[in-house]
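The structure appears right after this line, and notes come after that.
The values are calculated or read from the model by the stated rules, or taken from the named source; none is laboratory data. Just so it is clear, the model here is predicted, and its values are computed rather than measured. Quick reminder, even Gly has a Cβ in these numbers, built from the backbone with ideal geometry, and neighbours come from all protein chains shown. Keep in mind that these areas ignore ligands, DNA and RNA; they rest on the heavy atoms of the full protein, side chains included. Shrake-Rupley method; radii C 1.70, N 1.55, O 1.52, S 1.80 Å.
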Amino acid sequence: SGVLDGGTEVFLHGSNFSSDHGIVRCLFNGTAVAANVASPNEIVCVAPQSSQKREVEVSVMYGYDIFTLESLTFSYDYDIQLTAIVPDVIGRSAETIVKVFGNNFSHRSELTCFIADAGMLKATFIRETEVHCLVPKDLKPESYNISVSNNGVDFSNHSLELKVLDPFLVHSISPTK
């Protein structure tokens, strides 16, 4: 899957790929784009843009011959829009589930949150407007940008700020009586 704007790197896995047979292209519903034969088992191409959310057939073109791969489709999705994060301030001493709100989240295994210093985090789909991200403990106390991806590649155009703080420590209380 990828976004309507295009630009998603798409990896096609198979066998006997070679550029010795002429120019190699990927076809997305008939729209040809350049392809790179990365190895005899992998072709890489960049998805073109689409005017609408839809699934398209993907095929490979060697020279003038077109090879349609069985049941190979690519899904175009709307861009993810982020609106809020709850909580937006967390302590660093424990793992914390952060709720991220927005639009156009998809229920896919590749649904991912990203936080610098923590990397890619598995996201849990709740609904099209909400995902949950498990933030690991022991992040440095500072502000982080969190973003979300439906496919693990194309992340939301903007991110939301998450602040991580050292835990509060209470040493005493007064008056005691």
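Ordered by 1.4 Å accessible area with all protein chains kept, Phe125, Phe11, Phe28, Phe17 run largest first as Phe11, Phe125, Phe17, Phe28.
Remark: spin-label model distance Val86-Gln52 equals 3.5 nm, labels positioned 7 Å along the Cα→Cβ axis.
In this label model, Ile66 and Glu95 are separated by 4.8 nm, measuring between points 7 Å along each Cα→Cβ vector.
At R0 = 22 Å, how high is the FRET efficiency between Asn145 and Val44 if r is their beta carbon distance? Nearest 0.05 is fine. Please report the intermediate quantities before stating the final value.
Details: r = 28 Å, r/R0 = 1.27.
So the FRET efficiency works out to roughly 0.20.
Beta-bridge orientation, the chain: approximately 90 percent antiparallel, per DSSP, counting only bridges with both partners inside.
Counted residue by residue at 0.36 nm each, then reduced by the alpha carbon distance between them, the extension gain from Phe168 to Leu134 reaches 10.1 nm.
What number, in percent, do you get for the relative contact order of the range 16-139 if the mean sequence gap of Cα pairs under 8 Å and at least 6 apart is divided by its residue count? Spell out each step's value before the answer.
Working: 237 pairs, mean separation 21.4, N = 124.
Reported as a whole number, the value is 17 percent.
Can you give the FRET efficiency to the nearest 0.05 for Thr31 and Val153, using r as the Cβ-Cβ distance and R₀ = 22 Å? It would help to have the intermediate numbers written out before the result.
On the way: r = 20 Å, r/R0 = 0.89.
With R0 = 22 Å, the Cβ-Cβ based efficiency is 0.65.
Counting 0.36 nm for each residue step from His107 to His13 and taking away their Cα separation leaves a gain of 31.5 nm. Taking amide H as placed 1.01 Å from N in the peptide plane, Gly6 has its amide H under 5 Å from the amide H of Ser50, each at least 5 places away in sequence or on another chain. Our note on the geometry: Cα centres of the range 1-33 and the range 47-91, 13 Å apart.
Cross-link check: pairs Lys53/Lys137; Lys122/Lys163; Lys53/Lys140 evaluated at a Cα-Cα cut-off of 30 Å; pairs beyond the cut-off: Lys53/Lys137; Lys53/Lys140.
Treating r as the C-beta distance of Glu161 and Asp20 and R0 as 30 Å, the FRET efficiency rounds to 0.05.
Computing Cα extents along the principal axes in Å for the structure here picks out one of (1) 89, 31, 22; (2) 46, 41, 25; (3) 45, 35, 32, namely (1).
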